[in-house]
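Chemist: Structure in structure tokens, see below.
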Amino acid sequence: MKIGVVTFPGSLDEVDAQRAVTLGGHTAVPLWHGDHDLRGVDAVVLPGGFSYGDYLRCGAISRFSPVMAEVVDAAGRGMPVLGICNGFQILCESHLLPGALIRNDHRKFVCRDQRLRIENASTAWTSSYDEGAEITIVLKNGEGGFVADVDTLDRLEGEGRVVARYLDVNPNGSLRDIAGISNERGNVVGLMPHPEHAVEDLTGAGTDGLGFFTSLVEQAFA
């Protein structure tokens with residue numbers, strides 16, 4: 001599969017995401033924030049960083065970039081889209097996912113190896129995992145606290161759309177320990193931790209993040 005990885009001004013994890021896509025068995029296709037087409041890709045990754053310097057709110061300017069008009073349209077037609085950290089924020093700002101990400105409750109940037117539990121293994125991006133699997137991947141954010149109103153939180157829980165949840169410690173004040181969510185169809189996933197930094201034994205927290213990039217293969221041949 002061809003997976004596009006978008007670079008916005010201020011992105012800093014796009015190369016890591018491209019490598020993770022390749023290690024997951026796919027072809028990585030670089031996309032630029034000013035692109036008006038998706039170059040025939042089968043899925044899209046919005047990587048971490050500080051798009052447009054995180055002015056206004058994280059992801060608030062990126063949602064208006066030309067490429068996001070194409071991503072929103074493609075996601076509506078079922079294309080898999082994964083937003084990682086700043087990419088998660090962009091998905092919320094683009095209304096592809098509900099809720100918002102706000103400043104960490106302790107008002108400090110956090111960088112750590114974070115344990116998670118996979119709560120939903122049926123999305124396009126998590127099918128390589130067993131439901132309930134406990135994994136460790138890298139977390140690094142300053143505005144990673146997921147918030148939403150009670151009705152939205154209850155709906156996410158009731159519909160099984162909480163994809164991953166923090167274990168041991170809540171690193172940023174996310175409500176109900178939520179680390180990642182999906183849309184109704186399960187093709188759009190936002191995740192605050194960084195699976196692309198946990199895809200090789202040589203570096204990072206091991207290889208627990210690789211499943212986010214191999215899941216698309218399983219979906220394609222399911």
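The values are calculated or read from the model by the stated rules, or taken from the named source; none is laboratory data. Computed from a prediction, not measured in an experiment: that's the story for all the values here. Here Cβ is always computed from backbone atoms with ideal geometry, including for glycine, and neighbour counts include all displayed protein chains. Side chains are part of the model used for accessible areas, which takes the heavy atoms of the whole protein and leaves out ligands, DNA and RNA. Shrake-Rupley method; radii C 1.70, N 1.55, O 1.52, S 1.80 Å.
Chemist: Given (1) 126; (2) 141; (3) 106, which label gives volume of the Cα convex hull per residue in Å³ as computed from the coordinates?
Modeler: (3)
Chemist: I'd like the accessible area for His33, computed on protein heavy atoms only with a 1.4 Å probe and all protein chains in place. Round to 10 Å², please.
Modeler: Ignoring ligands and nucleic acids, His33 comes out at about 30 Å².
Chemist: What's log10 of I(q)/I(0) for segment 84-142 at q = 0.12, 0.18, 0.22, 0.29 Å⁻¹, Debye sum over Cα points only, no solvent?
Modeler: Reported log10 I(q)/I(0), two decimals: -0.38, -0.84, -1.10, -1.12.
Chemist: Quick check for me: using +1 on Lys/Arg Cβ and -1 on Asp/Glu Cβ, what's the dipole size of the chain about its Cα centre, in debye to the nearest 20?
Modeler: Values: 18 positive and 30 negative charges, 81 e Å.
Dipole of the chain, to the nearest 20 debye: 380 debye.
Chemist: Here's another thing I want to ask about it. Express the relative contact order of the chain as a whole percentage, based on alpha carbon pairs under 8 Å and six or more residues apart in sequence.
Modeler: Values: 556 pairs, mean separation 45.9, N = 222.
Worked out over the chain, it gives 21 percent.
Chemist: Which loop GluC sites (Glu not before Pro) in segment 78-149, with loop taken from DSSP, have no more than 13 other Cβ atoms within 10 angstrom of their Cβ? Walk me through the numbers on the way to the answer.
Modeler: Numbers: sites: Glu93, Glu119, Glu131, Glu134, Glu143; in loops: Glu119, Glu131, Glu143.
Sparse-neighbourhood loop GluC sites (Glu not before Pro): Glu131.
Chemist: Rounded to the nearest 0.05, what FRET efficiency do Asp37 and Thr203 give with R0 = 35 Å and r taken as the Cβ-Cβ distance? Could you check? Provide the component values of the computation, followed by the final result.
Modeler: Details: r = 34 Å, r/R0 = 0.97.
Efficiency for this residue pair is about 0.55.
Chemist: Spelling out what I want: for every residue of segment 10-19, take phi, set θ = phi - 60°, compute 6.51 cos²θ - 1.76 cosθ + 1.60 (Karplus), and round to whole Hz; glycine and proline get x.
Modeler: x, 5, 9, 10, 5, 5, 4, 5, 4, 5
Chemist: In the chain, once you exclude exposed chymotrypsin sites (Phe, Trp or Tyr not before Pro) (DSSP loop, at most 15 other Cβ within 10 angstrom), what's the longest stretch remaining? Mind showing how you got there, number by number?
Modeler: Details: sites that count: Tyr55, Phe109, Phe221.
Answer from the scan: 110-220.
Chemist: Distance in nm between label sites at Arg107 and Arg176, each 7 Å beyond Cα in the beta-carbon direction?
Modeler: 2.9
Chemist: Also: Once both labels are modelled 7 Å past Cα along the beta-carbon direction, what's the Val147-Val15 spacing in nm?
Modeler: 3.6
Chemist: Using 0.36 nm times the number of residues separating Phe64 and Asp168, minus their current alpha carbon distance, what extension gain do you get? Write out the running numbers ahead of the final one.
Modeler: On the way: separation 104, 0.36 × 104 = 37.44 nm, distance 3.69 nm.
Contour length minus Cα-Cα distance gives 33.8 nm.
Chemist: Can I ask one more? Per residue, how much accessible surface does the chain expose to a 1.4 Å probe? Answer in Å², no decimals. Mind dumping the intermediate values first?
Modeler: On the way: 9160 Å² over 222 residues.
On a per-residue basis, 41 Å².
Chemist: Report the gain in length on full extension from Tyr55 to Glu157: 0.36 nm times residue separation, minus Cα-Cα distance, nm rounded to one decimal. Provide the component values of the computation, followed by the final result.
Modeler: Working: separation 102, 0.36 × 102 = 36.72 nm, distance 3.12 nm.
Stretched out fully, the Tyr55 to Glu157 stretch lengthens by 33.6 nm.
Chemist: Here's another thing I want to ask about it. HN-Hα J couplings of segment 28-40 from phi, Karplus 6.51/-1.76/1.60, θ = phi - 60°, integer Hz, Gly and Pro as x?
Modeler: With the stated coefficients, segment 28-40 comes to 7, 10, x, 10, 10, 4, x, 5, 9, 8, 9, 6, x Hz.
Chemist: In whole percent, how big is the carbon plus sulfur part of the accessible area of segment 2-220, probe 1.4 Å, protein atoms only? Let's see the in-between values first.
Modeler: On the way: 4340 of 8790 Å².
C and S fraction of accessible area: 49 percent.
Chemist: Divide by every residue of the chain the summed helix terms, -39500 (n - 2.57) for each DSSP H run of at least 4, and state the resulting mean residue ellipticity at 222 nm, rounded to the nearest 500 deg cm²/dmol. Don't skip to the end; give the middle numbers.
Modeler: Working: 5 runs with 48 residues, N = 222.
When only DSSP H runs of four or more count, the value is -6500 deg cm²/dmol.
Chemist: I've got another one for you. Rank Glu14, Glu184 by accessible area, highest first, at a 1.4 Å probe radius? Display every interim value, and only then the final one.
Modeler: Details: Glu14 30, Glu184 140 Å².
Output order, biggest surface exposure first: Glu184, Glu14.
Chemist: Now, a different point. Starting from the Cα of Asp130, step 7 Å along the direction of its Cβ; do the same at Val72; then give the gap between the two resulting points in nm.
Modeler: For the pair Asp130/Val72, the computed spacing is 4.1 nm.
Chemist: While we're here: Spelling out what I want: for every residue of segment 49-63, take phi, set θ = phi - 60°, compute 6.51 cos²θ - 1.76 cosθ + 1.60 (Karplus), and round to whole Hz; glycine and proline get x.
Modeler: With coefficients 6.51, -1.76 and 1.60, one gets x, 9, 4, 6, x, 6, 5, 6, 9, 4, x, 5, 7, 4, 4 Hz.
Chemist: Which of Gly24, Gly144, Gly87 moves most in a GNM of the chain, Cα contacts under 10 Å?
Modeler: Of Gly24, Gly144, Gly87, the Gaussian network model singles out Gly24 as fluctuating most.
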